[in-house]
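Trainee: The structure follows.
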Amino acid sequence: MSVILIRSLILYMLVVFAVRLMGKRQLGELQPSELVITILVSNIATLPLENVDIPVIVGITPILSLVCFEVLVSRLCLKFPKMRSLISGSPKVIISGGKLDPKALRELRFSVDDLMMALRNKDVFDLSEVQFAVVETTGSVSVMKKQTEDNPTRSDLGLSPENADPPQVVISDGQVSQQGSEILKNAGISLKKAAGGLPPDKVFFLAADSQGNICLVPEGGLHSDKN
Amino acid sequence: MTRTKLSAAILISLIIISVCSGTWVSSRCSRIIAHTEQVISLMSYGDTSAAARECKSLALEWEHFRHTASVLMLNSRLTDIDRLCSRLEAENIPDESELSEMHHLLTILKNSEIPTFHSIF
């Protein structure tokens, strides 16, 4: 029993390390090669866990080698576009100039229902609203609406843009973050002032942006905004 | 770039470890095979007491090898030889069929660690 426990711990750490090694790309939408590696790694990791007759190294070696191959191949793909299109495929245009390409849909084995579902996921319920659509290598559909159907932007409306970064957490549950403190420092506000005179351990949440806008929630829970 | 370098370093380490472990398994198996051949030749001369003594040192050698080999290879590949070895150690007159079976299994074990067309596919 304790052997299985220790093995589980070792393999847990190994799989977490393997996923971290694959990078943040892995956590988003998977490329075909990444999907294959993820399935293989999860299957291989279970083998030494299920069977104590299998040495842990028999599980570690293929997991590490597969993930390392994946990292090296993705690096090569970055350098050689031809290799990238060979391994990951290339995006396919299915709607161009507002016109649907049935041939491209058939080639992708995409039914009209699949297309409509993908469009609905992009908040498009009418096919005639779409100017251009591409099926990405991950299988997701990217959509560009016709300009007549699209939302107006700030520049369309002639509004002056606010060039402020989003607020950063300065205090979370009494803990002061280094990054957030720097935001306050750049905005020229002291931590004490931002916290409304409260000590950090009495602050549940404090966020600030570079413009000096502050959102304060004391430990008691009463929310307050101030500039 | 750090990930690429780390992956390359891990891959190189894995290659080095696999080559070293393969060489180690192969050389230790060769030594045990030589031991087995010596027991077989002693048996052919009719020197059973010397053969029995040699079997005991063969079992000791196997035990040392098995201890580390169990970390590197599937236990199922070692248990058959393990069983034969303990039987040979217990016998006063080693059984020739068991000796040749052990020789055969050790040769398979040795060859399985050398990457060839047959061992890969």
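Trainee: Summing -39500 (n - 2.57) over the DSSP H runs of n ≥ 4 in chain A and dividing by its residue number, what mean residue ellipticity at 222 nm do you reach, to the nearest 500 deg cm²/dmol? Numbers along the way, then the final one.
Mentor: Details: 9 runs with 106 residues, N = 227.
It comes out at -14500 deg cm²/dmol, rounded to the nearest 500.
Trainee: Semi-axes, largest first, in whole Å: what does sqrt of 5 times each Cα gyration tensor eigenvalue give for the protein assembly as shown?
Mentor: Working: eigenvalues 827, 210, 53 Å².
The equivalent ellipsoid of the protein assembly as shown has semi-axes of 64, 32, 16 Å.
Trainee: Moving to a separate point now. Roughly speaking, what is the stretch gain from B:Ile114 to B:Thr68, that is 0.36 nm per residue apart minus the C-alpha to C-alpha distance, in nm to one decimal? Before the final figure, lay out each step's value.
Mentor: On the way: separation 46, 0.36 × 46 = 16.56 nm, distance 1.78 nm.
Between B:Ile114 and B:Thr68, full extension yields 14.8 nm more.
Trainee: Counting other beta carbons within 10 Å of each Cβ, put A:Tyr12, B:Tyr45 in order, fewest first. Mind showing how you got there, number by number?
Mentor: On the way: A:Tyr12 12, B:Tyr45 9.
Fewest-to-most ranking of A:Tyr12, B:Tyr45: B:Tyr45, A:Tyr12.
Trainee: Hey, another quick one. Identify which of A:Pro48, A:Pro32, A:Pro199 has the largest mean-square fluctuation in a Gaussian network model of chain A, with springs joining Cα atoms closer than 10 Å.
Mentor: The residue with the greatest mean-square fluctuation here is A:Pro199.
Trainee: Below 23 Å, Cα to Cα, which lysines can B:Lys56 reach? Residues fewer than 8 away in the same chain don't count.
Mentor: Reachable lysines: B:Lys110.
Trainee: Have a look at A:Pro91, A:Pro81, A:Pro166 and tell me which one the Gaussian network model of chain A (Cα, springs below 10 Å) gives the largest fluctuation.
Mentor: A:Pro166
Trainee: Once you've got the Cα coordinates, tell me which of A:Lys99/A:Lys145; A:Lys103/A:Lys146; A:Lys82/B:Lys5 are over 19 Å apart. Intermediate values should be presented prior to the final figure.
Mentor: Details: A:Lys99/A:Lys145 12 Å; A:Lys103/A:Lys146 22 Å; A:Lys82/B:Lys5 23 Å.
Violating the 19 Å Cα-Cα cut-off are A:Lys103/A:Lys146; A:Lys82/B:Lys5.
Trainee: Right, another one. Please arrange A:Thr38, B:Thr4 by counting, for each residue, the other beta carbons lying within 10 Å of its beta carbon, fewest first.
Mentor: On the way: A:Thr38 18, B:Thr4 15.
The most exposed by this proxy come first: B:Thr4, A:Thr38.
Trainee: Right, next: Taking R0 as 22 Å, what FRET efficiency do you get between A:Glu129 and A:Ser160 from their Cβ-Cβ distance, rounded to the nearest 0.05?
Mentor: Numbers: r = 29 Å, r/R0 = 1.33.
Computed FRET efficiency for A:Glu129 and A:Ser160: 0.15.
Trainee: Turning to a different aspect of this structure: Just the Kirkwood number for region A:98-191, please: inverse of mean 1/r across all distinct Cα pairs, in Å, one decimal. Let's see the in-between values first.
Mentor: On the way: mean 1/r = 0.0573 Å⁻¹.
The Cα-based Kirkwood calculation yields 17.5 Å.
Trainee: Now a separate question. Take the Cβ-Cβ distance between A:Arg120 and A:Leu5 as r, set R0 to 56 Å, and report the resulting FRET efficiency rounded to the nearest 0.05.
Mentor: Details: r = 46 Å, r/R0 = 0.83.
Computed FRET efficiency for A:Arg120 and A:Leu5: 0.75.
Trainee: Continuing with this model, one more query. As a footprinting exposure proxy, order B:Trp62, B:Trp24 by other Cβ within 10 Å, with the fewest listed first.
Mentor: On the way: B:Trp62 26, B:Trp24 15.
Going from least to most buried by this count: B:Trp24, B:Trp62.
Trainee: Tally Lys/Arg at +1 and Asp/Glu at -1 over every other residue whose Cβ is under 13 Å from the Cβ of B:Met73; what's the total?
Mentor: Details: positive: B:Arg28, B:Arg66, B:Arg77, B:Lys110; negative: A:Asp53, B:Asp80, B:Asp82, B:Glu113.
Spelling it out: positives minus negatives among the neighbours equals 0.
Trainee: For A:Lys192, list the lysines whose Cα falls under 20 Å from its own Cα; do not include residues on the same chain fewer than 8 positions away.
Mentor: A:Lys202, A:Lys226
Trainee: Classify region A:2-85 from the C-alpha gyration tensor, please: rounded if a/c falls under 1.5, else prolate or oblate depending on whether a/b exceeds b/c. Could you put the intermediate results ahead of the total?
Mentor: Values: a/c = 2.84, a/b = 2.45, b/c = 1.16.
Taking the square roots of the gyration eigenvalues as a ≥ b ≥ c, region A:2-85 is prolate.
Trainee: Shape verdict for chain B, please, from the Cα gyration tensor: rounded (a/c under 1.5), prolate (a/b greater than b/c) or oblate. Could the numbers behind the result be given before it?
Mentor: Working: a/c = 3.16, a/b = 2.76, b/c = 1.14.
Note, shape of chain B comes out prolate.
Trainee: Moving on. Which of the DSSP-defined H helices in chain A satisfy a minimum axial length of 18 Å, computed from C-alpha atoms, and a minimum mean Kyte-Doolittle hydropathy of 0.0?
Mentor: Values: long enough: A:2-22 (30 Å, 2.18); A:32-50 (28 Å, 1.17); A:56-79 (35 Å, 1.88).
In chain A, the long hydrophobic H runs are A:2-22, A:32-50, A:56-79.
Trainee: State whether region A:92-145 is rounded, prolate or oblate according to the following rule on the C-alpha gyration tensor (a ≥ b ≥ c being the square roots of its eigenvalues): a/c under 1.5 gives rounded; otherwise a/b larger than b/c gives prolate, and the remaining case gives oblate. Let's see the in-between values first.
Mentor: Details: a/c = 1.40, a/b = 1.21, b/c = 1.16.
The shape class here is rounded.
Trainee: Report, to the nearest 10°, how far helix B:48-72 tilts away from the longest principal axis of the Cα atoms in chain B, using its own Cα long axis and a range of 0 to 90°.
Mentor: 20
A short reminder: the numbers here are calculations on the coordinates, not readings from a lab. Keep in mind the model is a prediction, meaning the values are calculated, not measured. Here Cβ is always computed from backbone atoms with ideal geometry, including for glycine, and neighbour counts include all displayed protein chains.
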